[in-house]
Amino acid sequence: PSHIPFYKTASSEIFYPLNLEKKYDLCWVCNFTQIRHKGQEFFISNISNSQYLKSLKIIHCGNKPEVGKQLCQKYNVTNIEFLGHLNREKINEVLNKSKYGIMTSNEEDGSPRVITEILMTGTPLLIREKTRLLNYYKQSGVIEFNDENIESKIKLAMQSDIKVDINRINMDTICKLNLEQWRI
């Protein structure tokens with residue numbers, strides 16, 4: 001083949017489970033400088049059309065929060081708290097205070113590293129089907145949604161007790177997977 005999969009992981013020194021009380025329903029980590037790729041308007045517009053999504057407590061971590069606030073004003077969305085840019089240690093803490101992480105990227109975003117950062121915290125992930133992600137990661141703690149079923153999938157997730165198998169994505173496991181691929 002002309003290409004092989006590359007498995008990504010995140011540092012377990014930075015991203016790891018903490019025993020913290022859940023304060024947020026969804027943690028949304030993305031930068032507003034990459035608005036073409038990250039699906040921000042898609043997500044905010046879906047919130048505006050759903051009483052259920054409007055009832056969730058959503059926290060956003062990432063740069064240019066003023067852009068997110070403008071989109072929320074445009075769509076009359078009031079349930080997203082914007083923290084702005086945070087260091088990775090603080091993002092780990094916020095993720096651990098969240099029931100789910102959410103990834104809304106489109107197909108132009110090439111398997112964002114934040115996917116594995118979210119999963120390494122033990123926080124389950126809601127991910128848009130358009131986001132490029134190897135099937136390997138979808139086997140533990142990941143729920144996919146598409147442009148038509150985002151509300152129902154999030155509702156289902158909030159009623160479920162989804163667990164993440166961190167051992168599937170730790171540094172040793174991922175490095176071994178990559179070595180196996182490169183040897184082929």
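The values are calculated or read from the model by the stated rules, or taken from the named source; none is laboratory data. This structure is a prediction, so every number in the text was calculated from the model and none was measured. So basically every Cβ, Gly included, is an ideal-geometry build from the backbone, and we count neighbours across all protein chains shown. When the accessible area is computed, the model is the full protein with side chains, heavy atoms only, and any ligands, DNA or RNA have been set aside. Shrake-Rupley method; radii C 1.70, N 1.55, O 1.52, S 1.80 Å.
Counting the residues of segment 58-76 that are open to solvent by 10 Å² or more (accessible area, probe 1.4 Å) and within 16 Å of Glu151 (Cβ to Cβ) gives 1. Selection of segment 131-153 for residues being modelled with pLDDT under 95, in a helix (DSSP H, G or I) and of a type outside the set (Lys, Arg) yields Asn135, Tyr136, Tyr137, Gln139.
The residue that is farthest from Gln181 (Cα to Cα), among those in segment 1-26 that are among the aromatic types (Phe, Trp, Tyr) and either part of a strand (DSSP E or B) or open to solvent by 80 Å² or more (accessible area, probe 1.4 Å) (or both), is Tyr24.
For segment 33-55, what are the residues that are among the hydrophobic types (A, V, I, L, M, F, W, C) and open to solvent by less than 10 Å² (accessible area, probe 1.4 Å)? Once the filter is applied, which keeps residues that are among the hydrophobic types (A, V, I, L, M, F, W, C) and open to solvent by less than 10 Å² (accessible area, probe 1.4 Å), segment 33-55 yields Phe43, Ile44, Ile47, Leu53. Scanning segment 89-121 for residues that are at pLDDT 95 or above, open to solvent by 30 Å² or more (accessible area, probe 1.4 Å) and touching a helix residue (DSSP H, G or I) at 6+ places or on another chain (Cβ under 9 Å) yields one hit, Lys99.
Residue count for segment 69-102, restricted to those that are among the small types (Gly, Ala, Ser) and closer than 25 Å to Leu133 by Cα: 2. Please tell me if Lys23 is in contact with a Ser or Thr (Cβ under 7 Å, 6 or more places away or on another chain) and within 24 Å of Asn87 (Cα to Cα). So Lys23 does not fit the description; no. Among the residues making up segment 91-143, those that are under 19 Å from Ile154 (Cα atoms) and of a type in the set (S, T, N, Q) are Asn96, Ser98, Thr104, Ser105, Asn106, Thr123, Thr131, Gln139, Ser140.
The residue list Ile80, Ile44, Ile59 contains one member that is at pLDDT 95 or above, within 14 Å of the chain's Cα centre (by Cα) and of a type outside the set (Gly, Ala, Ser), which is Ile59. Considered as a group, the residues in segment 135-152 that are among the charged types (D, E, K, R) and over 18 Å from Ile115 (Cα atoms) include one that is least open to solvent (accessible area, probe 1.4 Å), and that residue is Asp147. For segment 160-173, the criterion of being assigned to a helix (DSSP H, G or I), among the acidic types (Asp, Glu) and either modelled with pLDDT under 90 or open to solvent by less than 50 Å² (accessible area, probe 1.4 Å) (or both) is met by at least one residue. Considering Ile166, Ile154, the condition of being more than 22 Å from Lys54 (Cβ to Cβ) and of a type in the set (Val, Ile, Thr) is satisfied by Ile166 alone.
Here Asn76 does not fit the description of being out of contact with any strand residue (DSSP E or B) (no Cβ under 6 Å at 6 or more places or on another chain), on the phi < 0 side of the Ramachandran plot and not basic (Lys, Arg).
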